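The values are calculated or read from the model by the stated rules, or taken from the named source; none is laboratory data. Everything quoted here is computed from the prediction, not taken from an experiment. Backbone-built Cβ (ideal geometry, glycine too); neighbour counts: all protein chains shown.
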Amino acid sequence: MPSQSSPIYDRNNIFARILRGEAPCTRVYEDEYALAFRDIYPKAQVHVLAIPKGEYVSLTDFSQSAPPELITGFWRAVTRVAETLSVAGGYRIGSNVGPGGGQVVFHFHVHILSGPRT
Ligand code: 5GP
C-alpha cells in the first residue's frame with residue numbers, strides 16, 4: 001500500500017526549539033531517543049510531554065517514517081518516563097494528531113498524565 005507523502009516539518013516549532021536548547025523546559029527524562037518535560041499548562045496533577053529527537057510532525061508521520069529502532073526506543077523511553085515520575089497508581093497517555101485532533105504543536109509528542117485532572 002503506498003504511504004502518504006511526509007508532511008512538512010517546521011523547524012521553528014516550540015518543541016524543536018526546546019530540543020535545540022533555544023527555549024527552556026523542565027526536563028524530567030532524556031535518552032538518545034526522547035526528551036520528556038513538564039507541560040507548561042498541566043491538565044492533570046502529573047502532565048509530561050515526551051518527544052522524539054527526530055523531526056516528525058505527528059504520531060502518523062512517526063509511525064510511517066521513523067526507522068523501527070527509533071520507534072522502539074521512543075516507546076521504551078515513554079515507559080521509562082513514567083517510571084522516573086514514580087506514578088505508582090498508573091498513568092494514561094495520548095497523542096493529538098492534526099488540527100482536527102486538537103494538535104497545536106507540530107512535533108510529535110505523547111502526553112503522559114497521572115492523578116486528578118486540573
Ligand atoms: P497538543 O495539543 O499539540 O497535543 O499539545 C501541545 C501541548 O504543549 C499543550 O498541552 C501545551 O500546554 C504544551 N505547550 C505548548 N507550548 C509549550 C511550551 O513552550 N513549553 C511546554 N513545556 N509545554 C508547552
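Here the strands (runs of 3 or more DSSP E) wholly within region 1-90 that include at least 2 residues being surrounded by fewer than 17 Cβ atoms within 10 Å (Cβ to Cβ) are 27-30.
May I ask you to say which residue of Ala16, Ala44, Ala50, Ala36 is within 13 Å of the ligand (Cβ to nearest atom), of a type outside the set (D, E, K, R), more than 27 Å from Gly115 (Cβ to Cβ) and in contact (Cβ under 8 Å) with a residue 40 or more places away in the chain?
Answer to the selection: Ala16.
Within region 91-117, restricting attention to residues that are assigned to a strand (DSSP E or B) and among the β-branched types (Val, Ile, Thr), the residue that is nearest to Gln45 (Cα to Cα) is Ile112. Taking the condition near the ligand (Cβ under 10 Å from one of its atoms), over 24 Å from Gly115 (Cβ atoms), free of Cβ contacts under 8 Å to residues at least 40 places away in the same chain and not polar (S, T, N, Q), does Ala66 pass? For Ala66, the condition - near the ligand (Cβ under 10 Å from one of its atoms), over 24 Å from Gly115 (Cβ atoms), free of Cβ contacts under 8 Å to residues at least 40 places away in the same chain and not polar (S, T, N, Q) - is not met. Checking each residue in region 17-35 for being of a type in the set (Gly, Ala, Ser) and under 15 Å from Gly54 (Cβ atoms) picks out only Ala34. For region 86-97, the set of residues classified as at negative phi and at pLDDT 90 or above consists of Tyr91, Arg92, Ile93, Gly94, Ser95, Asn96, Val97, listed by residue number.
Of the candidates Ala23, Ala82, the single residue that is on the phi < 0 side of the Ramachandran plot, among the small types (Gly, Ala, Ser) and more than 11 Å from the ligand (Cβ to nearest atom) is Ala82.
Scanning region 55-112 for residues that are β-branched (Val, Ile, Thr) and more than 13 Å from the chain's Cα centre (by Cα) yields a total of 3. Exactly one residue out of Tyr29, Tyr9 is touching a strand residue (DSSP E or B) at 6+ places or on another chain (Cβ under 6 Å), within 16 Å of the ligand (Cβ to nearest atom) and in contact (Cβ under 8 Å) with a residue 24 or more places away in the chain, and it is Tyr29.
For region 43-65, state whether one or more residues are within 24 Å of Arg20 (Cβ to Cβ) and aromatic (Phe, Trp, Tyr). Yes, region 43-65 contains at least one residue that is within 24 Å of Arg20 (Cβ to Cβ) and aromatic (Phe, Trp, Tyr). Is there a residue in region 108-116 that is of a type outside the set (A, V, I, L, M, F, W, C), within 22 Å of Pro7 (Cβ to Cβ) and within 13 Å of the ligand (Cβ to nearest atom)? Yes, because at least one residue in region 108-116 is of a type outside the set (A, V, I, L, M, F, W, C), within 22 Å of Pro7 (Cβ to Cβ) and within 13 Å of the ligand (Cβ to nearest atom).
Any residue that is hydrophobic (A, V, I, L, M, F, W, C), within 22 Å of Tyr9 (Cα to Cα) and touching a residue at least 24 places away in the same chain (Cβ under 8 Å) - is there at least one of those in region 83-90? No, the conditions are met nowhere in region 83-90. Looking at region 12-22, can you tell me whether even one residue there is of a type outside the set (D, E, K, R), in contact with a strand residue (DSSP E or B) (Cβ under 6 Å, 6 or more places away or on another chain) and closer than 16 Å to Val97 by Cα? So far as region 12-22 goes, yes, one or more of its residues are of a type outside the set (D, E, K, R), in contact with a strand residue (DSSP E or B) (Cβ under 6 Å, 6 or more places away or on another chain) and closer than 16 Å to Val97 by Cα.
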